[in-house]
Structures are given as C-alpha cells and as structure tokens.
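The numbers here are math on the coordinates, done by the rules we state, and not lab data. What you are looking at is a predicted structure, and each value in this text was computed from that prediction instead of being measured. Note that each Cβ is placed from the backbone with ideal geometry, even for glycine, and that neighbours are counted across all protein chains shown.
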Amino acid sequence: MNSSDNEIVQSTDWDRIAAAPEFKDLMAAKKLFIVPAFIFFVAYYFLLPILVGYAPHFMATKVVGVVNLAYLFALSQFVMAWGIAALYVKAAGAFDKLAKDIIEKTGTRAAEAAEGK
C-alpha cells in the first residue's frame, strides 16, 4: 500500500459511512434478498431427507424406469441452487449500484474534507 492509499484509508470515516442512510438502504436491500433465499434454500435442502425418512413409500414412487421421486428431488436441488445463484447475480447489480453511489459520495466528502470545505 502506498502513501496515497494510506491517506484515503485514514481519511475515510467508517462509522460515518455505516451510519449513512444510503449504507443502511444497501444493507436492508441485501437482507431483503439474502434472508428469504437462505430460508428457502435450507428448507428445500432438508426436505429431501425428511421426506425420505417420513414418507419413504412416496419418495420411492417410480417416475421413469428405475428413477424415483427421491432421485428427481435430489437432482432438483442442483437446479434450485443454480436458480438462487442466478437470482442473486441479478440482484447484485442493484447492490453494486447502491455501493457505487456510497463510494462516490464518500469520495466526494473525503475530497471536500481534504480541501477544508
């Protein structure tokens, strides 16, 4: 890290950034996506062993040849994980825009402080 990077780090007031309404909006937007996605993922993930344990005859139902519902459900977990990842990538674009706005405002404020405005 060179001296200009060190000056930028020292001139940034992390507590002020964390208290800014823009940062709180960013964290709220992330939480609004991440918490429900996490709950859905965990519930879906644990549904397979629960169904296999409590409804083994249902999960053993043959669908095509020797392929049963348990195999299809297990394979669907890959599709579900990739689906959540794709949704997150899409949502991350909005998160990145909010973060970029915060960085620009912080840079502007730091430059103004350095100039003594």
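Filter segment 17-33 down to residues that are assigned to a helix (DSSP H, G or I) and in contact (Cβ under 8 Å) with a residue 40 or more places away in the chain and give me whichever is nearest to GLY107 (Cα to Cα). Step through it out loud before you land on a result.
Step one: list which residues in segment 17-33 are assigned to a helix (DSSP H, G or I), which gives 17-19, 21-33.
Then drop every residue that is not in contact (Cβ under 8 Å) with a residue 40 or more places away in the chain, which leaves 17, 22-23, 25-26, 29-30, 33.
Numbers: ILE17: 11, GLU22: 14, PHE23: 14, ASP25: 19, LEU26: 17, ALA29: 22, LYS30: 23, PHE33: 28 Å.
Residue satisfying both the conditions and the ranking: ILE17.
So, in segment 46-98, how many residues would count as being aromatic (Phe, Trp, Tyr) and either over 30 Å from ALA29 (Cα atoms) or surrounded by 13 or more Cβ atoms within 10 Å (Cβ to Cβ) (or both)? If you could, list the steps in order and put the result at the bottom.
In the first step, residues of segment 46-98 are kept if they are aromatic (Phe, Trp, Tyr); the result is 46, 54, 58, 71, 73, 78, 82, 88, 95.
From the residues that got through so far, the ones that are either over 30 Å from ALA29 (Cα atoms) or surrounded by 13 or more Cβ atoms within 10 Å (Cβ to Cβ) (or both) too are 54, 58, 71, 73, 88, 95.
Looking only at that region, the number is 6.
Condition test on VAL66, is it among the β-branched types (Val, Ile, Thr), out of contact with any Phe, Trp or Tyr (no Cβ under 8 Å at 6 or more places or on another chain) and closer than 30 Å to LYS105 by Cα? Reasoning before the result, please.
Numbers: among the β-branched types (Val, Ile, Thr): yes; out of contact with any Phe, Trp or Tyr (no Cβ under 8 Å at 6 or more places or on another chain): yes; closer than 30 Å to LYS105 by Cα: no.
For VAL66, the condition - among the β-branched types (Val, Ile, Thr), out of contact with any Phe, Trp or Tyr (no Cβ under 8 Å at 6 or more places or on another chain) and closer than 30 Å to LYS105 by Cα - is not met.
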**Message:** Take the conditions outside any helix (DSSP H, G or I) and free of Cβ contacts under 8 Å to residues at least 24 places away in the same chain and apply them to VAL52. Does it pass?
**Reply:** no
